[in-house]
Each structure stands twice: as structure tokens, then as C-alpha cells.
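Following: one structure in C-alpha cells, then a few remarks.
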Amino acid sequence: MSIIQKLTEGVQSVDKQKEGHALVAKWRELGLLEGLKDERTVNNIALLLENQAKELLREASTMSGGDVEGFAAVAFPLVRRVFGGLIANELVSVQPMSLPTGLIFFLDFQHDRTRLGATAGDSVYGGGRVANEITGGVILTGANIEKSFYNMNNGYSSPTGSASATYTVVASGTVGSGDGLNTWTGTAAYTALRDRLVRFDPDIASGTIVAVATSPLTSFSQLDVKNLVAMVPTPGPGRMQRRLTVVDPTDSTKLMFVLAATASETANVLKAAWDAGISDYR
């Protein structure tokens, strides 16, 4: 082995796993990892504590007095207390860095075909972005509202099928605020449900024009009633709120669908689309 190879041995081949174990062992001895049971969180906090130690060392060497002992007594328990209690650790992937800047690698998966509102090439996670495009922010409006399995309305792997169905508009109008709906017309049994017709869905803002229609359950003989989100009737204008498709709460022999305006469609336009009885499901 040459002198250069010998001197740069630790640079050329860095064993990150070995380094991680060493950090955990170091900080565990100091008691700052006590009570943590999740191995990932233990490794993350050990790295953060090491980063804090490096920062204190840098400050001690640049400050005129060089006395950071008082802050050190607070900084390490603070890192342990704050990071250890972050809910982000339970919801998303958290990866502390050992340097001020670094590269983060992650996998993204794409749809291989256009189906159920998903376009071939789209990320399965939705948001209108693929791979590193996510750094520019996600799009959660328009057609992207109902994309991705995070909205629990994907059904991408459901069986396909088709049916000839007749839709009957039972209510149409404008979603109001609070518990009320205004300018609604339709069958009394449905309009009396008010915002419960749209289940107070956060994607249907106050003032949105909607139309609610029903269709006999017998029309969909091949349908899995436990997977209604996979249904995609195609009435035309507006957007069908797939996750709001349910068995009719007033008549269990029917299904109930909600169509929301996406632009300037009026209630009459939406109603006419459903009245036309155009149907399909996949």
C-alpha cells in the first residue's frame, strides 16, 4: 500500500454503519439516548448530538473567550428533548445530515398506465410532481386533489368493469358554510341532509356548486361495494368526488355520487350531465 493510500484510507472507504454504532455507543454512555426504543430515532439523535458537539467546538475556537460550557449544559438535553418528541418522526422520513449541505436520495414510483384519474408517468404519491421536481413544491389543487393513495381513494389495482346505469339527480346547489346549504333544490329527504351530503369534505370549499345523484345498485352487478372509490362514472363537466361515493344513506338499494364544479359550471349544467345518464366504471 502506498503512502497516499495509507493516509487517505479513511477517506476512500468510510464505513457509515460502523461510524453510526460508534456514535450511538458514545452518546448512550452519557445517558442522552435513554428511554428511546426505536433504533432509527436513536441513530438520528446520536448524529444530531454529534453535530451539536462539532458546532460547540467550532464556536469555542472562534469566540474570543472560548467559554461555551454554560450553553453546552443546555444544548445537548435540548436536542434530545425536542427532536425525540417531534411528531415528524412518526409521519415522514427524517434524515439528519452530518454536514451543513448534502445530497438526499429517495425513491419515487410512477404509474405505468393511465387509469382511475392517474396518468401514465405520474408519481404514485400524487402532488403533480415526479422525483426531484418535488423540490419546487407539490400541486394539491384541481385534478391533483384526488390523486395518490394518501387520499384513500386510489383503487388503482381494482378489477375493471362497465355498466349501463341511469342516474337521478336528487339535489343540486351551492355548498354553504357551517352546517348549512343554501340555494339548494331537490328531493326533500336529501336536501334536509345539508352539508352531510358532501360529508363536510375539505376539498369542497364553501360556495362550490355541486350536484348529487343516485343510481340503482343493481345496475352495477360486477361492482365490489367495499371498494366504491374505484368507480369512475363520466358525466362530463365538473369533477366527480370519488371518495364521496357511498351507498345512499336514505335508500340502501342505491349508490350516491357527488359531482363538484371545477370552473364556472352552474348547478343546471352539472344536473344536465347526470341526467344524461352517461355511465362507466372501472
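Readers should treat all values here as calculations from the given coordinates under stated rules, not as data from a laboratory. A quick note: this is a predicted structure, and the numbers were derived from the prediction, not measured. Every residue, glycine as well, gets a Cβ built from its backbone with ideal geometry; the counts of neighbours run over all protein chains shown.
Going by amide H atoms built from the backbone, whose H comes under 5 Å of the H on GLY186, apart from near neighbours?
none
Between THR185 and LEU56, how many nm apart are label points set 7 Å from Cα along the C-beta direction?
Label-label distance for THR185 and LEU56, simple model: 7.3 nm.
Give me the net charge for the shell around TYR167: Cβ to Cβ below 11 angstrom, other residues only, Lys and Arg +1, Asp and Glu -1.
Residues near TYR167 contribute +1 overall.
Go ahead and run the numbers for FRET between LYS26 and PHE106, Cβ-Cβ distance against an R0 of 22 Å, rounding to 0.05.
With R0 = 22 Å, the Cβ-Cβ based efficiency is 0.20.
Apply 1/(1 + (r/R0)^6) to the Cβ-Cβ distance of ASP275 and THR141, taking R0 = 22 Å, and write down the FRET efficiency to the nearest 0.05.
With a Förster radius of 22 Å, E is 0.20.
Using the 10 angstrom Cβ neighbour count as an exposure proxy, how do HIS21, HIS111 rank, fewest first?
HIS21, HIS111
For ALA73 and ILE134 in one chain, what is 0.36 nm times their gap in residues minus the Cα-Cα distance, to one decimal in nm?
Here the answer is 18.1 nm.
Among all the lysines, which ones have a C-alpha under 27 Å from LYS18's C-alpha, if same-chain residues fewer than 8 places away are not counted?
LYS6, LYS26, LYS37, LYS54
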